[in-house]
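Participant: One structure is given below, represented as structure tokens, and several questions about it will come after.
The values are calculated or read from the model by the stated rules, or taken from the named source; none is laboratory data. As the structure is a prediction and not an experimental result, all values here were calculated from the model. When we count neighbours, we look across all protein chains shown, and the Cβ atoms used for this are built from the backbone with ideal geometry, even at glycine. The protein model used for the area step is the full one, side chains on, heavy atoms only, and it has no ligands, DNA or RNA in it. Shrake-Rupley method; radii C 1.70, N 1.55, O 1.52, S 1.80 Å.
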Amino acid sequence: MKIGVIKELLGAEIICGEENLQREVYSACGSDMMSDVLAYVKDQAVLLTGLVNSQVVRTAEMMDMICIVFVRSKRPSEEMIELARECGMVMMASDKRMYEACGILYSNGLSENGRKQNG
């Protein structure tokens, strides 16, 4: 799924990285606990979170993620935005809650492990 499609599905606002909206992603995860992201996430390209601190960007970078979506209308700081730019990440904000945002992406074919869904 292209990052631009994620933007449309979630009604998200692009904060930075608009030049990368045509990049393909194959999986996603949703978590506000970066320790869980580090412990359990493998090959996830998109992180959905309501946590707003620089550790989110650093964790996403360590896990080779290319897109962060802030849910619940959360807004990153300028420091976070600059760090994401330096890492070449797309950063977006959506007013959707985590459960709804994850459900929308999953029902439109984006899974947690990159495999195509049946159906």
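Participant: Out of the residues in segment 2-32 that are without any contact (Cβ under 8 Å) to a residue 24 or more places away in the chain and either of a type in the set (D, E, K, R) or in contact with a Leu (Cβ under 8 Å, 6 or more places away or on another chain) (or both), state the one that is nearest to Ile66 (Cα to Cα).
Facilitator: Glu24
Participant: Please state which of the following conditions Thr49 fails to meet, knowing it meets all the rest: (1) among the polar types (S, T, N, Q); (2) farther than 13 Å from Met92 by Cβ; (3) surrounded by 16 or more Cβ atoms within 10 Å (Cβ to Cβ); (4) at pLDDT 95 or above.
Facilitator: Here Thr49 clears every test but (2).
Participant: Across segment 63-119, which residue is modelled with the lowest pLDDT among those that are under 13 Å from Gly11 (Cα atoms) and assigned to a loop (DSSP other than H, G, I, E, B)?
Facilitator: Ser73
Participant: Is there a residue being of a type in the set (Asp, Glu) and either part of a strand (DSSP E or B) or open to solvent by less than 50 Å² (accessible area, probe 1.4 Å) (or both) anywhere in segment 19-39?
Facilitator: Yes, because at least one residue in segment 19-39 is of a type in the set (Asp, Glu) and either part of a strand (DSSP E or B) or open to solvent by less than 50 Å² (accessible area, probe 1.4 Å) (or both).
Participant: What are the residues in segment 14-51 that are over 19 Å from Cys87 (Cα atoms) and among the acidic types (Asp, Glu), if any?
Facilitator: Listed by number, the residues that qualify are Asp32, Asp36.
Participant: Moving on to the next point. Do we have Ala60 as under 10 Å from the mean Cα position of the chain (by Cα), over 17 Å from Ala101 (Cα atoms) and buried (at least 16 other Cβ atoms within 10 Å of the Cβ) here?
Facilitator: Numbers: under 10 Å from the mean Cα position of the chain (by Cα): yes; over 17 Å from Ala101 (Cα atoms): yes; buried (at least 16 other Cβ atoms within 10 Å of the Cβ): yes.
So Ala60 passes the test.
Participant: Of the conditions (1) touching a strand residue (DSSP E or B) at 6+ places or on another chain (Cβ under 7 Å); (2) closer than 21 Å to Met1 by Cα; (3) open to solvent by 20 Å² or more (accessible area, probe 1.4 Å), Ser73 fails just one. Which one is it?
Facilitator: (2)
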